[in-house]
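To keep things clear, I will list the structure first and then write my remarks on it.
No value in this document is a laboratory result; all are computed from the given coordinates. What you are looking at is a predicted structure, and each value in this text was computed from that prediction instead of being measured. Virtual Cβ from ideal backbone geometry, glycine too; neighbours counted across all protein chains shown.
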Amino acid sequence: MCQSLTRSLEFLGYQVHAYESPSVFLNAYEPAVPAVLVSDMHMPGMSGVELQAELLRRGRSIPIIFISGESSVSQGIQAMKQGALEFLVKPFEREDLLGAIERGLALDARNMQRLLQKSALEENLKSLSPRELETFQLLIRGFSNQQIMDALDIALPTAKQY
């Protein structure tokens, strides 16, 4: 099944990395480009839900599509509670998998963009002086210029400058 999916997805233009076990994947995965993980529920060493939980424990967020022919209802529920993108039961339609992959790639691209924006914001905040940072904190709490002037005991031009 893994080889067949790999060949089919590569034929459609996807860059595919197949791993022989969850532990090999966990050691190799580096979230550098938008990605989707397509995982079976029954694998050597750990289940798909255990792999998902380990990724979450490590702070790695990647859209996961589970495929399975013999999973329990509780496994499916647990996978979805942990944020699985899709749970496909074998045999599944190719279009269902491709649709889930496209949704997952779009979701991961948005997540990566948010992380980059957050990182840029954090870098910009590091460049603020202590007084500018204090003013920023008041602004994000919804303070007006007058309230900032009062809170920091500064004149209006100084508040605007900060």
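Between Leu88 and Glu123, the C-beta separation translates, for a Förster distance of 41 Å, into a calculated FRET efficiency of about 0.55. The order of Phe92, Phe11, going from fewest to most other C-beta atoms within 10 Å of their C-beta, is Phe11, Phe92.
Here the average projected area of the convex hull drawn through the C-alpha atoms of the chain stands at 13.1 nm². Among the lysines of the chain, pairs that are 8 or more positions apart or on different chains and have alpha carbons within less than 28 Å of each other number 5. Across Val36, Val89, Val73, mean-square fluctuation computed from a Gaussian network of the chain (C-alpha pairs under 10 Å connected) peaks at Val73. The phi-based Karplus calculation (6.51 cos²θ - 1.76 cosθ + 1.60; θ = phi - 60°) puts the 3J(HN,Hα) values of the stretch 153-162 at 6, 10, 7, 4, x, 5, 4, 5, 4, 5 Hz, whole numbers, x for Gly and Pro.
Axis of helix 48-57 versus longest Cα principal axis of the chain: the two differ by about 20°, to the nearest ten degrees.
Which values, in whole Å and largest first, are the semi-axes of the equivalent ellipsoid of the stretch 72-158 obtained as the square root of 5 times each eigenvalue of the Cα gyration tensor?
49, 15, 10
For Val38, the amide hydrogen comes within under 5 Å of the amide hydrogens of Ile65, counting only partners 5 or more places away or on other chains and with H modelled in the peptide plane. Here the Karplus curve 6.51 cos²θ - 1.76 cosθ + 1.60, taken at θ = phi - 60°, turns the phi angles of the stretch 112-124 into couplings of 5, 4, 4, 5, 5, 5, 5, 5, 5, 4, 4, 5, 5 Hz, with x standing for Gly and Pro. Structural descriptor for the chain: relative contact order 16 percent, calculated from alpha carbon pairs under 8 angstrom and at least 6 residues apart. Among Ala109, Ala35, Ala18, the largest mean-square fluctuation in a Gaussian network model of the chain, built with springs joining Cα atoms closer than 10 Å, belongs to Ala18. Of the residues Ser127, Ser47, Ser144, Ser23, the one with the fewest other Cβ atoms within 10 Å heads the list, and the complete ranking is Ser127, Ser144, Ser23, Ser47.
Rounded to the nearest 500, what is the 222 nm mean residue ellipticity of the chain from helices alone, with -39500 (n - 2.57) per DSSP H run of 4+ residues and division by all residues? Mind showing how you got there, number by number?
Numbers: 8 runs with 94 residues, N = 162.
For the chain, the value works out to -18000 deg cm²/dmol.
With the simple model of a label 7 Å out from the Cα in the direction of the Cβ, Arg131 to Ile77 spans 5.9 nm.
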